[in-house]
1. For segment 235-341, what ratio Rg/Rh do Cα atoms give with a Kirkwood hydrodynamic radius?
2. For the chain, set up a GNM with springs between Cα atoms under 10 Å and report which of Glu243, Glu98, Glu276 has the largest fluctuation.
3. Once both axes come from the Cα atoms, what is the angle between helix 87-96 and the longest principal axis of the chain, in degrees from 0 to 90, rounded to 10?
4. Take Phe81, Phe58 and sort them by solvent-accessible surface of the protein heavy atoms, 1.4 Å probe, largest at the top.
5. With the cut-off at 17 Å, report for segment 107-149 the share of all Cα pairs above it, as a whole percent.
6. Show the residues, 5+ positions off or on another chain, whose built amide H is closer than 5 Å to the amide H of Cys75.
7. Which ³J(HN,Hα) values in Hz, rounded to whole numbers, follow from the phi angles of segment 300-316 under the Karplus curve 6.51 cos²θ - 1.76 cosθ + 1.60, where θ = phi - 60° and Gly and Pro get x?
8. Which log10 I(q)/I(0) values, to two decimals, does segment 1-104 give at q = 0.11, 0.24 Å⁻¹ under the Debye formula with one point per Cα?
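The values are calculated or read from the model by the stated rules, or taken from the named source; none is laboratory data. All values derive from a computational prediction rather than experimental measurement. Note: ideal-geometry Cβ built from the backbone for every residue, glycine included; neighbour counts use all protein chains shown. Surface areas here come from the heavy atoms of the whole protein model, side chains and all, with no ligands, DNA or RNA. Shrake-Rupley method; radii C 1.70, N 1.55, O 1.52, S 1.80 Å.
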Amino acid sequence: QRPVIAAGADLLGGDGVRELFRTLAAFSPVDRSCGAFVLLGGPNSYGGALLSQGEDTFDHHLNAMLNGSVRAMVCLETDPFSEYPDPARAGAALSRLEYLAVFDSLPTMASRHADLLLPTRVTAEGEGIFVNNEGRPQAFEPVFSASLPLRETGQGQHPPREFTEPGPDEQPRQAWAILADLLGLKDSLTALRQQLAAQNPLFAVLAERPGERLSAPGDAEDESTVPSPECVPENALSLLPVESLFGSELLASLSPPLQLRDTDPYVLLHSEDAKERGLREGERVRLSSSLGQFSLTLRLSARMARGIAIVPRQRGSGIELLVPGGPRQYGWLETEQGGQP
């Protein structure tokens, strides 16, 4: 009686989410509206969105880097350069920076190019708050101490970790604590939450009612405009990069046991689309797109939509460039031996 469609924003991207709402509006009769539950791209996406301003997107900062008005950047436990759907444009912006400071615990593209790298603790080594998909703050506490092997913190119930011995100034700290020091603020979560609540009315409940939902402003943009028609190139397939079960997420790509589960990069195509192009299951094919050419294994399915080529992303491979959630792009498939796409 009250249908709801759940969708992933990291896969759809901004254009896809807007198209979802337009579709729901078109299929909603007066007496029964269709709802949507959009799953955000990662932990604390809701909280980050509440803190940002309308123009405060990475696209906005990327343009500023390219035109030279932004020449220094701080990356706080994030790597926008490897997550941006246009790697060439992101790389060009990165090369224009005169100074890059990175606070992170992971080996990322940003950390490899950093002029200053300050080590931070992973989530399980720290404390703080994530704002979940519902807008509700959820606190977390340390599971184990930073720089101590699990042999000690796990009472012998876990294989040991290995560490190099850090100096007194190399001990990893939580990112918020580093920022507090640099800004001359108190190194106290309680004090920082009170200050945030005082400065930003959206976070006022943090100081007094930390479990209460945070509400976004109600003046959302009007997305009712109809998108302009798009010309589809001849014989092209709509290219849909997706996250793979193993290997897409950065932490998973750094796990040796999960790396053993990696498969050869592949592209998934409808059986009829493959038949029309003279392609067969299991053969090596060349995918050509605006991002370059990729050698992939062809897999077929009759359960997917026609006209789409699904490519699961894998870090450390050539298709790492294909980032889910970007603007619509097209690709062509042909056998690696040659022939017409």
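1. Radius of gyration relative to Kirkwood radius: 0.96.
2. Greatest mean-square fluctuation among the candidates belongs to Glu276.
3. With both axes taken from Cα atoms, the answer is about 40 degrees.
4. Ranked from most to least accessible, the order is Phe58, Phe81.
5. Values: 482 of 903 pairs.
Tail fraction, whole percent: 53.
6. Here the answer is Ala101, Val102, Phe103, since their amide H atoms fall under 5 Å of that of Cys75.
7. 10, 8, 9, 9, 9, 6, 6, x, 10, 10, 8, 10, x, 6, 9, 6, x
8. The Debye formula, applied to the Cα set alone, gives -0.48, -1.36.
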